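Here's the structure, in structure tokens; my notes come after.
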Amino acid sequence: MKAKPQFIWDVGTAYDFFISLEVLHDPGRFGLRGNWAAGVRSRLPAPHREFLQNVYKNHHLWMLPWIASLAGPKDSAAVLEHLAAIPSAERLPVISLCCVEGEYKELLFAVKERGSWAETDKNRLTELTLEMYRKEGKNKKKLPDEEIEGTLVLWANSAQFGEDLLAALTSYYEVFYHEEEQRILPALQASAERAKALVAERPLAEALNELSQGIRYDVDKVDQIQELVMIPSFWTTPLSFLGPIGSGPERWAFLFGGRPVEMSLVPGEMVPDVLYQTLKALADPTRLRILRYLSEEPLTPAELARRLRLRPPTVIHHLDALRLARLVHVTLSHQGRRYEARQEAIDATCDLLDKFLNR
């Protein structure tokens, strides 16, 4: 058996600072009530609200590698200080290209230096982006023109973007997140302690499966990791991320759910998220049929689609709801995704419902 990697425990509210913005702008994906998310966004001044909506609705601002690379405390105020210390024109390349090399990076830097872009830039960036998706196992054959053009516009105006980004993030911190991080920090610390005990006593792949609440990672992929940055996240629970964050293949990050089952993402909400999401998922007859099939044997989305006589996108929608409710295991491999019922989660839901009703 291969030795476990070196673990780096990175407990910091700055990760959730940026993750929370992604959740607030795509609440349905994370099982969050849209009206509550809209209420939080409405607390921002209009220019900052519109800027962040444009960034998180039309682009992908992936901050995790940059935050992981920083030294010192990882609270949101400290990370905002790091961001303020970067010249405004350099903020976009510093935070978004930590792990990107080659022609993709060269093209965007050239657009930044020119302050403009041409049709040839758009065509080549489309090709490079599709190539990146293929390497990640995503079968995309076309990208919306506005997505590529929006990226080029950002890079052509990187100095203005850097100024607007810092102003909007500072505003978000002041009107909402500085109180939120006080609420979630104890949960993140407790989650990290539980995870430390788990990885000490279990094989790595088994520990990652439990911490992700349902994802089984390809063992060969896990075995190549030499250094693993462990990051608990309150806002992303139960969704997780495992992937390289350095220039080489050895340094990876594992972002895992750090919200206790008895807590809700919405402050003051009495009903725990996991209980609501599970009961909502089980209230659909198609999902009940899917769970019954998956209790008998592991199946791919395509195999389920044939049994249910439904289109694959419809089946994937139902599987996403079951995954959000922690009711399925997902095995990730080069052959694609395979699902099976997560029986322990079904038992835990019955127990949680009993405790909630009889507390």
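Go through (1) farther than 22 Å from residue 222 by Cα; (2) touching a residue at least 60 places away in the same chain (Cβ under 8 Å) one by one and return the number of the condition residue 297 breaks.
Exception for residue 297: condition (2).
Please enumerate the residues belonging to the range 106-138 that are assigned to a helix (DSSP H, G or I) and small (Gly, Ala, Ser).
The one that is assigned to a helix (DSSP H, G or I) and small (Gly, Ala, Ser): 110.
Is it true that residue 95 is surrounded by fewer than 17 Cβ atoms within 10 Å (Cβ to Cβ) and either in contact with a strand residue (DSSP E or B) (Cβ under 8 Å, 6 or more places away or on another chain) or farther than 16 Å from residue 20 by Cα (or both)?
Judged against the criteria, residue 95 is not a match.
This table checks each residue for (1) outside the structural domain of residue 326 (by TED's automatic domain parsing); (2) part of a loop (DSSP other than H, G, I, E, B).
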| site | (1), (2) |
| --- | --- |
| 242 | yes, no |
| 246 | yes, yes |
| 252 | yes, no |
| 262 | yes, yes |
| 266 | yes, yes |
| 277 | no, no |
| 281 | no, no |
| 286 | no, no |
| 289 | no, no |
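Can you pull out the residues in the range 338-359 that are surrounded by 16 or more Cβ atoms within 10 Å (Cβ to Cβ) and either in contact with a Ser or Thr (Cβ under 6 Å, 6 or more places away or on another chain) or outside any helix (DSSP H, G or I) (or both)?
338, 339, 340, 341, 342, 349
Are any of the residues in the range 156-167 in a helix (DSSP H, G or I), over 25 Å from the mean Cα position of the chain (by Cα) and more than 26 Å from residue 24 (Cβ to Cβ)?
Yes: one or more hits.
Would you say residue 304 is assigned to a loop (DSSP other than H, G, I, E, B), more than 20 Å from residue 237 (Cβ to Cβ) and either at pLDDT 90 or above or over 26 Å from the mean Cα position of the chain (by Cα) (or both)?
Against the criterion (assigned to a loop (DSSP other than H, G, I, E, B), more than 20 Å from residue 237 (Cβ to Cβ) and either at pLDDT 90 or above or over 26 Å from the mean Cα position of the chain (by Cα) (or both)), residue 304 does not qualify.
What are the residues in the range 281-296 that are closer than 20 Å to residue 311 by Cβ and not basic (Lys, Arg), if any?
Those that are closer than 20 Å to residue 311 by Cβ and not basic (Lys, Arg): 281, 284, 285, 286, 288, 290, 291, 293, 294.
For the range 230-258, name all the residues that are over 12 Å from the mean Cα position of the chain (by Cα) and modelled with pLDDT of 95 or more.
Result: 230, single match.
Within the bounds of the range 277-300, is there any residue that is in contact with a helix residue (DSSP H, G or I) (Cβ under 8 Å, 6 or more places away or on another chain), within 25 Å of residue 140 (Cα to Cα) and not small (Gly, Ala, Ser)?
yes
I'd like the full set of residues that are surrounded by 16 or more Cβ atoms within 10 Å (Cβ to Cβ) and either modelled with pLDDT of 95 or more or touching a Ser or Thr at 6+ places or on another chain (Cβ under 7 Å) (or both), limited to the range 31-50.
37, 40, 41, 44, 48, 49
Tell me, which helices (runs of 4 or more DSSP H) wholly within the range 1-105 include 3 or more residues that are among the β-branched types (Val, Ile, Thr) and in contact (Cβ under 8 Å) with a residue 12 or more places away in the chain?
13-25
Can you tell me which residue among 206, 193, 210 is of a type outside the set (A, V, I, L, M, F, W, C), in a helix (DSSP H, G or I), outside the structural domain of residue 61 (by TED's automatic domain parsing) and touching a helix residue (DSSP H, G or I) at 6+ places or on another chain (Cβ under 7 Å)?
Among 206, 193, 210, only 210 is of a type outside the set (A, V, I, L, M, F, W, C), in a helix (DSSP H, G or I), outside the structural domain of residue 61 (by TED's automatic domain parsing) and touching a helix residue (DSSP H, G or I) at 6+ places or on another chain (Cβ under 7 Å).
The values are calculated or read from the model by the stated rules, or taken from the named source; none is laboratory data. Everything numeric in this text was worked out from a predicted model, so none of it was measured. With ideal geometry, Cβ positions are generated from the backbone for all residues, glycine too; neighbour counts draw on all protein chains shown.
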